[in-house]
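The values are calculated or read from the model by the stated rules, or taken from the named source; none is laboratory data. Please read all numbers here as calculations on a predicted model, not as lab measurements. Neighbour counts run over all protein chains shown; Cβ positions are idealised from the backbone, glycine included.
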Amino acid sequence: MKIQDISVGHTATRPGDFPEEAIPEIAFLGRSNVGKSSLINSLTQRRKLARTSKAPGRTQAIRCFRIAGDVATCFFVDLPGYGYAKVSRKVREESWGKLIETYLQKSPNLLVGIQLLDIRRDGPTKLDCQMIEWSRASEVPLLYVLTKSDKLGRNQRARAVQVFERALELPEGDKPIPYSAVTGEGRTELWHAIDDLLRRATETSAA
């Protein structure tokens, strides 16, 4: 997609704050500190669009960015990370958990979830698997992205992709996308996947 304009949309701390504009929404999911904000900044080539931090749990609300481009206009939705974060467990489970669950279940415009996974791990973590199973059960389509690919050598990356591919039980031909916000690896491939989904959504709505 050729981006024409980006604006910071809604910041949701409760379900009533979700975007009201009826355009496709692309949600970014993953563990705390997996690199969601860095990936959004890399995709949009805006260094400070989404807030980044070395401290897990920086994103404590759902933040929506309105992306207008030549393919379509959509929202990028940055969800709070699950797992470890420097806030109380009660806040994570009762506040963030309910907010994320409500959004994923009830947003009528959710097109796809971009599930981020750390390529350096030996496959998805237990929490990753729980999130993935819940998304699949809720019929939320997922694209899988393996972040921080610059941390591994070429052969290591290739082996890691195979490990995740088997663990995720992906259909034949589907592969997780290795991505580096540092080098830009995977940016073109992920945009192609997003553009394809946006085109299909646009064609469906126009039919």
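Does Arg154 satisfy being touching a helix residue (DSSP H, G or I) at 6+ places or on another chain (Cβ under 7 Å) and on the phi < 0 side of the Ramachandran plot? Walk me through it before giving the result.
Values: touching a helix residue (DSSP H, G or I) at 6+ places or on another chain (Cβ under 7 Å): no; on the phi < 0 side of the Ramachandran plot: yes.
Judged against the criteria, Arg154 is not a match.
Tell me, yes or no, whether the range 171-192 has at least one residue that is among the small types (Gly, Ala, Ser) and either closer than 18 Å to Leu110 by Cβ or in a helix (DSSP H, G or I) (or both). No; the residues of the range 171-192 include none that is among the small types (Gly, Ala, Ser) and either closer than 18 Å to Leu110 by Cβ or in a helix (DSSP H, G or I) (or both).
Per the listing Lys175, Lys151, the residue uniquely more than 14 Å from the chain's Cα centre (by Cα), surrounded by fewer than 17 Cβ atoms within 10 Å (Cβ to Cβ) and at pLDDT below 95 is Lys175.
Go through the range 1-94 and tell me which strands (runs of 3 or more DSSP E), entirely inside it, have 3 or more residues that are more than 25 Å from Leu146 (Cα to Cα) and at pLDDT below 90.
On the way: elements: 3-12, 25-29, 62-69, 73-78.
Qualifying strands (runs of 3 or more DSSP E): 3-12.
One residue alone among Thr102, Thr125 is among the hydroxyl-bearing types (Ser, Thr, Tyr) and within 15 Å of Gly81 (Cβ to Cβ), and that residue is Thr125.
Of everything in the range 98-130 that is surrounded by 15 or more Cβ atoms within 10 Å (Cβ to Cβ) and either among the small types (Gly, Ala, Ser) or under 14 Å from Ile62 (Cα atoms) (or both), the residue that is modelled with the highest pLDDT is Gly113. There is at least one residue in the range 184-203 that is in contact with a Phe, Trp or Tyr (Cβ under 8 Å, 6 or more places away or on another chain) and of a type in the set (Lys, Arg).
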